[in-house]
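Bear in mind these aren't lab numbers, they're just calculated from the coordinates by the rules spelled out. All values derive from a computational prediction rather than experimental measurement. As a convention, Cβ positions derive from the backbone with ideal geometry for all residues, glycine included, and neighbour counts pool all protein chains shown.
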Amino acid sequence: MTTNQSHTEADTTVDARGATCPGPLMDLISEVRAVDTGSVIALLSDAEKSSSEVQEWADESGNEVLDIADEGDHYRIHVKKL
């Protein structure tokens, strides 16, 4: 996992900017359930805890955080459904 500018291609995007935790994670989980295995989801979130919450959830659920990019006013987190 990297924390620099991201160039990962996403199959779908969840824009959770403006939502407070755990909202962005809940939105991501809903999208992960809806997509096929191997799909990459980009989560956009301006909640500071999102990056750590998503990483913890991915570790527990068996999915993979590909990268976390700080876009200035929000984070872009790419998650691959495994």
Next item on the list: With a 10 Å radius around each residue's Cβ, average the other Cβ atoms per peptide and rank 14-21, 43-50, highest first.
Entry: 43-50, 14-21
Notebook entry, point to check: For segment 12-80, what mean projected area does the convex hull of the alpha carbons give, in nm²?
Noted result: 3.9 nm²
Item checked: Inter-site label distance for Leu82 and Glu60 at 7 Å from Cα along Cβ, in nm -> 1.7 nm
Notebook entry, point to check: Roughly what % antiparallel, to the nearest 5, for the DSSP beta bridges in the chain?
Noted result: 70 percent
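Could you compute the net charge surrounding Glu9? Neighbours are other residues with a C-beta less than 13 Å from the C-beta of Glu9; K and R count +1, D and E count -1.
Here the charged neighbours net out to 0.
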